[in-house]
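Notes follow once the structure below has been shown.
The values are calculated or read from the model by the stated rules, or taken from the named source; none is laboratory data. Keep in mind that this is a model prediction, so the values were computed, not measured. We place every Cβ from the backbone using ideal geometry, glycine too, and count neighbours over all the protein chains shown.
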Amino acid sequence: MSSILVLTKDYRTYKMFKKQLLDFFQGKVSVLSIDECENYEGVDLILLSHKELLQNPPTEKVLIARRTINIARLEELISLPAGTDCLVVNNFAVSTSETIEILENFGFEFNFHPYYPGIKSYKKVDVAIIPEATEMVPKGIKKIVNIGLRPLDFSTLIEISLKLNINIDRVNIQSAKYIQEIIRLSRKLSQSLNEVNNLNHVLDAIFNTVNDGILASDAESNIIQINEAAKSILGITFSVDEIIGKKLHEIFPKFAIGSNSGKAADANNHVISFNDRKLIMNKRSINDGQKNIGELTAFQDVTRIQQLEQEIRKTIQKRGFSSKYSIQNIIGKSSRIMDIENIMRKIAKTDRTVLILGENGTGKELFAHSIHQLSSRKNGPFIPVNIAGLPESLAESELFGYEDGAFTGAIRGGKQGLFELAHNGTIFLDEIGDASKSLQTLLLRVLQEKQVMRVGGTSITPVEVRVIAATNKDLKKLVEEGSFREDLFYRLFVLPLRIPSLRDRREDIPELLTHFIREACPTIPIISNEVMERLVSYDWPGNVRELESVVQYMTTVMEDNIVTINDLPEQFNITEKIDSKSDHLFSRLLKEGDLQDFHVILSCLLEAKYERKSIGRGKIVEFSKENGVQLSDQQVRRRMETLRDLELIHSGTKGQGSRISHTGILMIPEMERRLEQSESVLQV
């Protein structure tokens, strides 16, 4: 049996050589290490991994091993892109050069840079290729590819057979194993290639399914892909083969922002013109680590986007969830209205909660619609909800929705609540002052948490909703009385907007009158000066809503397209009756006391009426003092008895307070006129 002394740099290489030799020669050789060999004379062959390992060896016995690379360990190398900078690490300069040469012969198109212990300088790269001894890899390497120890190549095994005169009948078996490993790797590569091809088919399908036009280019700005949507948007009639491989700036110069400058230039929502079309373009660079490998350009036809927006608006409008009014629908040029419109524009820029305050009939919902239309949510839903009109038993399920089977009669599959339907839009909670205490608690949770839970549900649904609430009640008073939650009040009272009554903006009455007349009849009737004066001086307890009703009445009963005093509804006829007996009324009032006393009492009761409450003598005494009229409780009692006898006020049973009558309301302007006349006479 022939003996072989194997000398290697480290023990791992020795073990690999020994196993390879024993497997190949099958009991025909013995393999010794330096520790097992007494002298070189007793061995038949000395196998060196490197010639530097033995000084003055017996040349006739020495063979320098030729080595290859383990094919089974090449898969990770194959996955690296061509042109990758790689540091090849080994323990000697010569073995490093050999490894590089072998890898190049295998066809790997990398940029190889040698590294071995003691090298003075080397290129700093991210990838290192190492045969097993990873401890030799320098610091700073991000990826280590371990190709394993380099085995003896086939020619070395044949030469050993010849030197030792050993029959090499196992050559075919060994070569078969080598070929088998090549076949295994080839099959794996083929399988990977099929997977890549399948993935490319999927990506192509996705690429051509999206409605955006997409262009892809490489690092040199060569077009490498274009989808069907891009061809359609750009009106391309020629073949794709005529585009692929061409420079982006040559075929589509307007898409080449920075592409031919050598630097990647991203673009966001950049508007360009192409063949009489407006396109919105977005561009992103494609990077592999720090290296730019290309660009992706996506674009949409602005006209198509506008069409989609119109379709969405139509769908929302069909469901009744769109805003019907805008700030252009607000009629009036008074300073009060102009100030409110200015405030509304500022309010609309935020998503904070708005509380609209005002009497009945002032058009609070119109202002809510206008705020929505002025805001960034204008294309989202607008959901108006009349809280007073919601039965308490159904309020929670209507506002927050319910799950399947939540209660008897529930729609199968459940139902979205109004807050969910208002997602990304606005919900208008009208008459919020009429909400029950239990509903107030639920509304508070939505305002705080921005999320809802359906009736019968267990999961939370986030909602992005702007809340606008409205009321004609004094919420502060309701808080003091304990009927309205204080914490909810402060959640709502963030951006208060008070809408003036019609009597506080009388200068808008002519314009409003013209607007309602145009809606009510095809031609504009003639309105006498007497009618106009009566309309402007009227107190309008029903505000704009009452004015609209008056216009409908007048235009219905008028003759010959002329509106006379006789065409006004009955509330104006009461004024005529008052005029006819006003002298009697005023003589009675002056006999019982000072006209100023009666005026201040009626004014106090009128203010209480607008606040929808009845008041007693104590409040009237306080009001008179605040307005510079000193009245005692006894004086107020006697004056109110006179007013009641003249049917200018109504008094309830004990504890219910007093209310001004309609006749009393109509008397106030005449009182003010007579007081002004008396004051003028005194000044003269």
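Are any residues in segment 360-391 of a type in the set (Ser, Thr, Tyr) and in contact (Cβ under 8 Å) with a residue 60 or more places away in the chain, and if so, which ones? Answer for segment 360-391, where residues must be of a type in the set (Ser, Thr, Tyr) and in contact (Cβ under 8 Å) with a residue 60 or more places away in the chain: THR362, SER375.
Screening VAL551, VAL544, VAL479, VAL531 for residues that are in contact with a Gly (Cβ under 8 Å, 6 or more places away or on another chain) and either among the aliphatic types (A, V, I, L, M) or in a helix (DSSP H, G or I) (or both) leaves exactly one candidate, VAL544.
Specify which of the listed residues (LEU418, LEU399, LEU390) is touching a Phe, Trp or Tyr at 6+ places or on another chain (Cβ under 7 Å) and outside the structural domain of GLU611 (by TED's automatic domain parsing).
None of the other options fit; the residue is LEU399.
Among the residues of segment 452-467, the one identified as of a type outside the set (D, E, K, R), part of a loop (DSSP other than H, G, I, E, B) and closer than 22 Å to SER376 by Cβ is VAL463. Scanning segment 608-627 for residues that are loosely packed, with under 14 Cβ neighbours inside 10 Å and out of contact with any Asp or Glu (no Cβ under 9 Å at 6 or more places or on another chain) returns GLU622, LYS625, GLU626, ASN627. Of the residues making up segment 429-464, those that are in contact with a His (Cβ under 9 Å, 6 or more places away or on another chain) and charged (D, E, K, R) number 1. How about segment 493-527: which of its residues are in a loop (DSSP other than H, G, I, E, B) and exposed (fewer than 14 other Cβ atoms within 10 Å of the Cβ)? Listed by number, the residues that qualify are PRO522, THR523, ILE524. For segment 125-141, the candidate set comprises residues that are modelled with pLDDT under 90 and more than 21 Å from ARG12 (Cβ to Cβ); within that set, the residue that is nearest to the chain's Cα centre (by Cα) is GLY140. Scanning segment 79-97 turns up one or more residues that are outside the structural domain of ILE293 (by TED's automatic domain parsing), surrounded by 13 or more Cβ atoms within 10 Å (Cβ to Cβ) and acidic (Asp, Glu).
Evaluate segment 103-118: report whether one residue or more is in contact (Cβ under 8 Å) with a residue 60 or more places away in the chain and not in a loop (DSSP other than H, G, I, E, B). Checked segment 103-118: no residue is in contact (Cβ under 8 Å) with a residue 60 or more places away in the chain and not in a loop (DSSP other than H, G, I, E, B). Of everything in segment 420-448 that is of a type in the set (S, T, N, Q) and farther than 18 Å from ASN472 by Cβ, the residue that is surrounded by the most Cβ atoms within 10 Å (Cβ to Cβ) is THR426. Across segment 623-634, not a single residue is classified as under 17 Å from PHE586 (Cα atoms) and among the charged types (D, E, K, R). Taken together, GLU41, GLU52 contain a single residue that is in contact (Cβ under 8 Å) with a residue 40 or more places away in the chain, part of a helix (DSSP H, G or I), outside the structural domain of ILE144 (by TED's automatic domain parsing) and more than 21 Å from SER161 (Cβ to Cβ), which is GLU52. Among the candidates SER501, SER459, SER528, the residue that is small (Gly, Ala, Ser), out of contact with any Leu (no Cβ under 9 Å at 6 or more places or on another chain) and at pLDDT 90 or above is uniquely SER501.
One line per residue, one yes/no per condition, for (1) within 30 Å of LYS143 (Cβ to Cβ); (2) at pLDDT 75 or above:
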| site | (1), (2) |
| --- | --- |
| ILE233 | no, yes |
| VAL240 | no, yes |
| ILE251 | no, yes |
| VAL271 | no, yes |
| LYS278 | no, yes |
| ILE286 | yes, yes |
| GLY289 | yes, no |
| GLU311 | no, no |
| ILE316 | no, no |
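Restricting the search to segment 421-448, which residues are within 22 Å of LEU374 (Cα to Cα) and either outside any helix (DSSP H, G or I) or not hydrophobic (A, V, I, L, M, F, W, C) (or both)? ALA422, HIS423, ASN424, GLY425, THR426, ILE427, PHE428, LEU429, ASP430, listed by residue number. Is it fair to say ILE460 is surrounded by fewer than 16 Cβ atoms within 10 Å (Cβ to Cβ), assigned by TED's automatic domain parsing to the domain that holds GLY363 and of a type in the set (A, V, I, L, M, F, W, C)? So ILE460 passes the test.
Residues in segment 338-377 that are among the basic types (Lys, Arg) and in contact with a Gly (Cβ under 9 Å, 6 or more places away or on another chain): LYS364, ARG377.
Can you confirm whether segment 554-563 contains a residue that is assigned to a helix (DSSP H, G or I) and closer than 27 Å to GLU359 by Cα?
Yes, segment 554-563 contains a residue that is assigned to a helix (DSSP H, G or I) and closer than 27 Å to GLU359 by Cα.
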